[in-house]
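Written out below as structure tokens is the structure these notes cover.
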Amino acid sequence: MTREDTAGAVLSIDAGAIVTNWRALRDRAAPAECAAVVKADAYGLGVEQVAPALWAAGCRVFFVATLDEAITLRWCLQRAAAESEAEETSPPAIFVLNGAPPTGQMEFVQYGLIPVLNTLDEIGAWASLSEALDCRLPAAIHVDTGMARLGLPPDEFARLCAEPDRLSGIALGLVLSHLACADAPGHPLNHKQRAAFATARSRLPAAPASLAASSGVFLGDGFLFDLVRPGYALYGGSSVAGETSPMQGVVRLEAPVLQVRQIDTGESVGYGASYAASGPRRIATVGVGYADGILRSLGNCGAGYIGGWRVPIVGRISMDLTTFDVTGVDDQAVQPGTLIELIGPHHPIDEVAREAGTIGYEILTSLGNRYARRWLSAAT
Ligand SMILES: *Cc1c(COP(=O)(O)O)cnc(C)c1O
């Protein structure tokens with residue numbers, strides 16, 4: 001028995017496509033370096049598979065959100081290095097976007113992690129630790145250029161520029177900022193942020209600079225600086241809102257039909273009787289639901305595919321079940337055991353997201369842990 005025999009549905013993840021996407025982004029960004037963002041367990045897909053594959057392809061800079069994620073990443077990159085023949089001189093860099101919590105500072109040192117410092121207080125705490133340990137600890141600084149989310153706000157940045165000694169004990173390894181509207185290439189905030197970032201970095205000690213995440217890589221050379229930080233595009237997502245992704249698809253989700261039934265005019269399907277048949281219909285039920293990341297908002301507006309044929313979701317999504325109208329599909333082609341593609345080549349994550357009224361990032365990071373995960377490995 002394998003997990004594929006016991007689990008209800010199979011989630012295939014193509015590590016080779018992730019590597020292909022990383023190489024395409026790297027080539028596009030060159031001569032800027034291309035990092036990989038693997039926060040949230042590599043966008044829900046599995047950092048323990050994704051990070052070693054990217055490392056083997058030559059990626060040497062990684063970003064995660066939290067200290068926990070960074071420690072997991074360090075372990076799996078160490079294992080990958082130990083298992084490979086390659087002679088590595090230095091371990092890959094791991095940046096932690098959410099900064100160094102005071103209680104976790106020593107873990108940063110122990111695992112060789114680089115915090116992205118977001119406030120003057122954090123810079124002060126990191127400088128104090130450097131002084132106490134009598135070494136210049138590496139750090140990155142995040143300067144907010146118009147997102148008002150994370151990073152030094154303008155007043156703190158001005159104070160830092162007026163008091164540069166605040167940084168003298170720190171080995172500044174990267175200055176970064178993040179774009180708010182990069183998936184809308186025509187948005188005026190993009191150029192405003194780019195200009196603000198160019199000014200900011202020129203006022204800090206010399207260090208590599210990074211502005212672009214996935215979408216920023218496609219905004220033009222002026223946005224590339226020294227390092228780009230794609231996440232979503234690695235996993236097949238589109239860089240421009242509403243447009244088809246130029247990246248290779250990575251995820252395929254298929255669930256077998258459990259049961260097929262015939263209903264008549266006026267009969268309803270599922271909780272709340274939210275769908276009522278306007279004529280005779282055939283309904284196929286599969287064993288995945290909102291507990292598996294099939295968002296409830298897909299009820300009566302999502303779809304699946306059977307052999308390239310679109311079959312609409314009818315009725316509400318249940319916790320463990322989803323119902324499709326398969327009336328248009330040949331009887332023989334829909335039987336218990338027939339696979340319905342919920343995500344895949346016919347139905348990419350951005351399209352699923354559009355139907356659900358969300359973004360593909362949320363589709364990926366919501367994928368549940370009940371699937372049998374089938375990894376298609378990267379060719380070496
Ligand atoms: C998540 C994140 C990224 C990656 O963004 P994508 O749109 O997935 O490429 C890069 N930088 C920061 C600061 C982030 O929070």
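Values in this text are rule-based calculations from the coordinates and carry no lab data. This is a predicted model, so every value here is computed, not measured. Cβ atoms come from the backbone with ideal geometry, glycine included; neighbour counts cover every protein chain shown.
How would you rank 105-111, 138-144, highest first, on the average number of other Cβ atoms within 10 Å across their residues?
138-144, 105-111
What list do you get for 75, 22, 375 if you sort them by fewest beta carbons within 10 Å?
75, 375, 22
Taking Cα centroids, how far is segment 1-34 from segment 46-86 in Å?
14
Could you run the Karplus curve 6.51 cos²θ - 1.76 cosθ + 1.60 with θ = phi - 60° over segment 49-66 and give me ³J(HN,Hα) per residue in whole Hz, x for Gly and Pro?
Coupling constants for segment 49-66: 8, 5, 5, x, 5, 5, 4, 4, 7, x, 6, 10, 10, 10, 10, 10, 8, 10 Hz.
Between residue 109 and residue 267, what is the label-point separation in nm under the 7 Å Cα-to-beta-carbon projection?
In this crude spin-label approximation the distance works out to 7.0 nm.
Among 207, 277, 93, which one shows the biggest mean-square fluctuation in a GNM of the chain, springs joining Cα atoms closer than 10 Å?
Among 207, 277, 93, the largest GNM mean-square fluctuation belongs to 277.
Rounded to the nearest 0.05, what FRET efficiency do residue 163 and residue 300 give with R0 = 45 Å and r taken as the Cβ-Cβ distance? Could you check? Write down the numbers at each step before the final one.
Values: r = 58 Å, r/R0 = 1.30.
The computed FRET efficiency comes out at 0.15.
I need the phi-derived Karplus couplings for segment 214-230: 6.51 cos²θ - 1.76 cosθ + 1.60, θ = phi - 60°, integer Hz, Gly and Pro marked x.
Whole-Hz 3J(HN,Hα) from phi for segment 214-230: 3, 5, x, 4, 9, 8, x, 4, x, 9, 7, 6, 9, 8, 10, 10, x.
Which of 347, 367, 249 sits farthest toward the positive end of the charge dipole of segment 242-374, with +1 on the Cβ of Lys and Arg and -1 on the Cβ of Asp and Glu?
367
How big is the chain along each principal axis, measuring the range of its Cα positions in Å and listing the largest first?
Principal-axis extents of the chain (Cα, largest first): 77, 48, 38 Å.
For residue 311, which sequence-distant residues (separation of 5 or more, or a different chain) have an amide H within less than 5 Å of its own amide H, given hydrogens modelled in the peptide plane?
Placed amide hydrogens put 304, 305, 306 under 5 Å from residue 311.
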